[in-house]
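Please read the structure below before turning to the comments.
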Amino acid sequence: MEIELSQDLVSDRKANEAADIVRRCVHCGFCTATCPTYQLLGDERDGPRGRIYLIKQMLEGESVTRETQQHLDRCLTCRNCETTCPSGVEYGRLVDIGREFIEKKVRRPIGQRLARGLLREGLTSPLFGPAVRLGSRLKSFLPDLLASKLPMGERPRRAWPSNSHARKVILLNGCVQPSLLPNIDLATAWVLDALEVQAVVVQTSGCCGAVRHHLADSDGALNQARRNIDAWWPLLQSGDFEAVLVNASGCAVMVKDYGHLLADDPAYCEKAAYVADHALDPVVFLQPMLPRLQEILGQNRTRPKAPKVSYHAPCTQQHGMKCRGEVEAFLTQLDVTVLPVADSHLCCGSAGTYSVLQPALAKTLRDNKVQALSAAGPDRILSANVGCIGHLQSGSHLTVQHWLEWLDEALHGSPA
Ligand code: SF4
Ligand code: SF4
């Protein structure tokens, strides 16, 4: 696609990066057919090719309106279109830049500014945990949309493993996961402990920055990335820590992008690239230890029969991290029956804050996804991202959990 930047943008680095991405698009439209929002809405401007065209027009200096912004808002940033695209168009990066530019040009209605501000500040605030606990108690008095985001009930908790091991990894100190689904980090730590790896959460680290990044607050997101790099750097440099494990794929894809996002910051570019290189999805880290896991599980004669599951591969894992089919293959090798799921490439509608900001579309996508995941009669649904798990659980009677929670249960039994 041809593009000529408007005069005021010719020397802007991000505009030039966006223009390079636009130029790679050959307008073939393969991506449009697989885009969930195009499938639901049938409008070219609610598909990737149409959105690329809208961003191109904006960068060329044409006027943009609320309508343009709405078409970009409806995009889930699922990056399914990137997987489909034969020309390697980095749509996710393009739409992030497009949203940042349009945010400066189009003033949102007051209600939207308030909702976005509340999400940006609230989800990453230290008060989020206490607010969740209070909200869980008052759930029956809350509006349905808000109540559906809170934990389904009191989940069992236990202490963090106290063993020290020579092998160590850092775990991300996420913003919403420890409050909404605290068992995921605990399960991760106990699985690692069984393999003689110590998981450490650095308390001075925090939100990966994805919430702010996707709400077009790029400065705020970069500050959170710098804070995490500062917190992890001494540990990584000590040589005692092998990796930063990120068990929420929505956060993993953000940490993996630190090197790219901070490439222009001379104080952080090298450290950011190093951290990004060491950020891993747990399945990648655990893969070499599969024989040991099989051995441990084989020795446990009292463990329950491995379940039949449907696995929901989060978009951030399959399209963002390009980690496709790895968890399914890993689970299969642990005797889990992983059932086939139709349209497994499609988003469940959670997409970070999307399910709050675009509730109608998110609900339709969730209901379609729950139907696809339930069709073959699984015992439970597994996934790898806190947002997807909570969103799917709000529409399913089956247990929806992180795959590491199942693995922890297989290794140690259900926590009392
Ligand atoms: S990121 Fe997802 S919703 Fe957005 S244009 Fe691409 S396929 Fe469609
Ligand atoms: S598939 Fe790729 S090249 Fe084709 S229209 Fe979509 S983004 Fe452009």
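Before moving on, here are some points about what is shown:
- Sorted from longest to shortest, the spans of the Cα atoms of the range 305-363 along the three principal axes equal 40, 23, 17 Å.
- Accessible area per residue, Å², the chain with all protein chains present, probe 1.4 Å: 44
- Dipole check for the chain: with +1 at the C-beta of Lys and Arg, -1 at the C-beta of Asp and Glu, and the Cα centre as origin, the magnitude is about 1120 Debye.
- Percent of Cα pairs exceeding the 20 Å cut-off, where the set is the range 325-395: 30
- Values of log10 I(q)/I(0), in the order q = 0.13, 0.16, 0.19, 0.24 Å⁻¹, for the range 7-105 under a Debye, Cα-only, solvent-free model: -0.39, -0.60, -0.85, -1.34
- Environment charge at GLN203 (Cβ cut-off 14 Å; Lys +1, Arg +1, Asp -1, Glu -1): -1
- Within the chain, helix-based [θ] at 222 nm, where runs of 4 or more DSSP H residues each add -39,500 (n - 2.57), nearest 500: -14500 deg cm²/dmol
- q = 0.20, 0.24, 0.28 Å⁻¹: log10 I(q)/I(0) that the Debye formula gives for the range 191-235, counting C-alpha atoms only: -0.68, -0.79, -0.90
- For the chain, Cys with no neighbouring Cys Cβ under 4.7 Å: CYS25, CYS28, CYS35, CYS75, CYS85, CYS269, CYS323, CYS348, CYS388
- Accessible surface of the chain, 1.4 Å probe, proportion on carbon and sulfur as whole %: 54
- Distance from the range 1-55 to the range 320-372 (C-alpha centre basis), Å: 25
- SER344 accessible area, assembled protein chains, probe 1.4 Å, Å²: 50
- Rounded tilt (10° steps) of 359-374 against the dominant C-alpha axis of the chain: 40
- Dipole of the range 7-105, positive direction: furthest Cα of PHE101, CYS81, GLY50, with charges on the beta-carbon: CYS81
- Candidate cross-link partners of LYS271 among the lysines, defined by an alpha-carbon separation under 29 Å and a same-chain spacing of 8 or more, comprise LYS14, LYS168, LYS256, LYS322.
- Cα-based helix-to-principal-axis angle, 110-122 vs the chain, degrees rounded to 10: 40
- The chain: angle of helix 48-59 to the longest principal axis, Cα-based, in degrees nearest 10: 50
- Beta bridge orientation in the chain: antiparallel %, DSSP, nearest 5: 0
- Convex hull volume per residue for the chain, taking Cα atoms only, in Å³: 140
- Summed side-chain charge close to ARG116 - residues other than ARG116 whose Cβ falls under 12 Å, Lys, Arg +1, Asp, Glu -1: +1
- Quarter of the Cα convex hull surface for the range 165-217, i.e. its orientation-mean projected area (nm²): 4.2
- Cα-based Kirkwood hydrodynamic radius, the range 224-356, one decimal, Å: 17.0
- If you model the range 289-412 as an ellipsoid using its alpha carbon gyration tensor, with each semi-axis the square root of five times an eigenvalue, the axes come out at 27, 14, 12 Å, biggest first.
- When nucleic acids and ligands are ignored and a 1.4 Å probe is applied, LYS308 ends up with an accessible area of around 80 Å².
The values are calculated or read from the model by the stated rules, or taken from the named source; none is laboratory data. Not measured: the values here are computed from a predicted model. Please note: Cβ atoms are built from the backbone with ideal geometry, for glycine as well, and neighbour counts cover all protein chains shown. These accessible areas exclude ligands, DNA and RNA; they are computed on the full protein's heavy atoms, side chains included. Shrake-Rupley method; radii C 1.70, N 1.55, O 1.52, S 1.80 Å.
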